[in-house]
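Asks: I have a structure here, written as C-alpha cells, and I will follow up with some questions on it.
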Amino acid sequence: MSIKAKITVGLLAMLVLLVGLGAYAYATVQRQEQRAHRILQANFYSVALGQQMLQALDELAATPAGPALPRLRRALTREAGNVTEPGEQQLVDGMMQAVARYEAAAVPAGQAAAVAELRQLTHRMVGLNMRALTRRNTQSNAAATQARYLLLAWLSVGTLVALGLVLSVPEAAVSGLRRLSASISHAAGGDFAASIPVESRDEFGRVAQAFNALLAHLNELRSANLAELLTERNRVLSIVQTLDEALLLLDADRRIIVANPLACTLLGLPEKQLLGQPAAALAADNPLLAQLLHYAQLPAAQRPVEPVIPVARAGQLETYYRLALHEAVLYNAATDRMEFVGSILVLHDVSAFKRQDQLKTDFLATATHELKTPLSSINFQLKLLQDGRIGPLNEEQQRIVATLRGENDRLRGLATTLLDVSRLEAGAAVPLQPRAVAVAALVETAAEPIRLQLAPKNLALDVQLPPALPLVRADLEKTAWVLLNLLSNAIRYSPAEGRIRVRAAATPDGQSVRVLVQDDGPGIAPEQQQRIFERYVQLPAADGQPARGGSGLGLSISRAFIEPQGGELGVESTPGAGSTFYFTLPVAAPPA
C-alpha cells in the first residue's frame, strides 16, 4: 500500500469513529431527554394532581360548603386527561363516581363515606404513579449506565485506533526520509556506497530505487573523473619535476603545496619537509625562503619587476636567479567573484646572462676609460682650431669645427654615461655633491641646452614655477642631467606643434618639491610603465618606428641619481593622452 493510501485510510477511519461516536452520543441524549419528558409529563404530573385532590378533600371534610369541591373537580378532570398507567383509568372512573355520590348524598353520613372513598382512590392513584415514576427512573438510570459503557467502549476503540495511526502513519512517512537523508549525508562525504534498502513498493520505494541509481551513476562519474585527474596530476607533476626552473606553489594560506627538485635543492630541504608546511614557519630558518615569501607578500605596486636574487651554495660559484611571481585566481560561482587561491614562485637561472652582463660592464668601463683620453685630446685640438691660433678659418670651416666639437662633446657625454653605468652595475655609488638649490635655477640649467631641439618640430616649452618654492637639497649637475633627460624624451615622443610643460610644486606634507615634465605624446601602456626604468629598454617612437637616438640608459641612470638624494622618480601616463614624468627632491633645511 502506498503512503498516500495509508494516510487516507487512517484519516477515513478516524472520521468514521468520530461520526459513529457523535451519532451514538446524540441518540442516547435524545432518548434520555424523551424519557425525562415522559416522566415529568405523565407520572410526576399525576402525583401533583393527586396532592391537590387530597388537599381539596381535607378542606371538603372540614367545610362541605366551601370552594374545595370545585378544585377537586378541576384536578380530577385534569387527571382524567393524563391517564398513562395501566389500571389508572379504572381509579379515575371510580373517583368520578365517588364525586357524583358525594354530590347526591343528602345526609352528612353519606357525604363522609364518599369523601373517604375518594381519599382512598386518590391515594391508590398517587401510589400507582409513584411506583411508575420509580420504575421509569430505574430504567433511565440503567439506560444511562449502558450508554456510558458504550461511549467508553467507543472512546477506547477510537483512542486505540488514533494511537495506532499516530505511531504508524508518521513513522511510515518519516522513516523513508530519514534513510534518504542519511544516504545523502554519506554521498556528500564522498561515500557513494551507502545506498537505501528498497523495502516496499510505495513512493519511498520508488524514490529509493531512483536514488540508488543516481548513486551508482555518480560513483561511475567520480571514478572516471578521479582517473582523469590522476592522469593529469601525474602528467603535470612529471612536467614540474623535470623543469630546469625552481618552482614553489603556495596556497591561499601560504602553505607549500608543490616544490620541484630544483627548488628543494636551492632551499636545502627535502620535499617531505616542505610540502604542507607553512612557509612563514620554514622561512624563520631559511633566508632564501624568507626572501621569496617577503616578495610574495609585498603589494603589487611595490614589487620590483622580476628581481635577480643571488644564491650562494657551499663549494660552488654564486648563482643568480630571476624571480617571477604569478598570482593564481579562480572564479567562485558561489560568491560570483574571482578569488585568490595561491601564488606561484618561479626561479630562473640567469647566472650565464649575469656573467655575460659583467663582461659587458667590464668592457664598458675599460672602453670608456680608453675613449676619454683621445676624446679629450680631440676636444683640445678643436678648441685650438676655433681659437684661430693656427690660422684663421673661414665661415664654412668654423661651422664644420663647431659641428665636430659638438659631436665630440656628445661622445664625451656618452662615455661619461657609460662610466656611470659601469659604476652602478659594479655596485659603486655615483658620487653626489648635494647643496641647497633653487628649483628655478635647476630648470634653467636643464632647459637651456634643449631649446634648439624644439625648433625642428615647432614645439613649445611652457615653464611655470610658483614664486615661493622652497630651496631643495640636490646635486645640481646630476639633477639637471635628469631633468634634461626627461625633456629630451618628451621632445622625442611629442608630435609636431605640441607643447611640453614643466611644473613644480611642494608636496602636501611640505617635506619635498615635486618637479614634473608633461608631454602630448602617445602615452605609455600600463604594463610598460615600470619596464622603461630598466637598463637598455626603449619604447617605439611616436610614429611607431623603433626608437632612435637613445641608449635606453637614461631613465635607469636618472633613477640612480634621484633615489640616493632621497627623492623618487616615476611616471603617470594614459595611452593616447600623453605622459607625465616626475621626480621629487627633499626641501633644504634652513640655515641654523
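Asks: Tell me, what is the percent relative contact order of the stretch 435-586, built from C-alpha pairs under 8 Å that lie six or more residues apart?
Replies: Relative contact order for the stretch 435-586 comes out at 24 percent.
Asks: Take Ile7, Ile239 and order them by how many other Cβ atoms sit within 10 Å, fewest up front.
Replies: With the fewest neighbours first, Ile7, Ile239 line up as Ile239, Ile7.
Asks: Please work out how much length the chain gains when fully extended from Arg499 to His294, using 0.36 nm per residue of separation minus the C-alpha to C-alpha distance, in nm with one decimal.
Replies: 69.5 nm
Asks: Sort Lys383, Lys354 so the one with the fewest other Cβ atoms within 10 Å of its own Cβ comes first.
Replies: Fewest to most other Cβ atoms nearby, the residues stand as Lys383, Lys354.
Asks: What is the order of Ser140, Ser573, Ser185, fewest Cβ neighbours within 10 Å to most?
Replies: Starting with the residue having the fewest Cβ neighbours, the order is Ser185, Ser140, Ser573.
Asks: In whole Å, how far is the Cα centre of the stretch 248-285 from that of the stretch 108-153?
Replies: 112
Bear in mind that the values in this text are calculations on the coordinates, not laboratory data. None of these values were measured; they are calculated from a predicted model. Glycine gets a Cβ as well: all are built from the backbone with ideal geometry, and neighbour counts include every protein chain shown.
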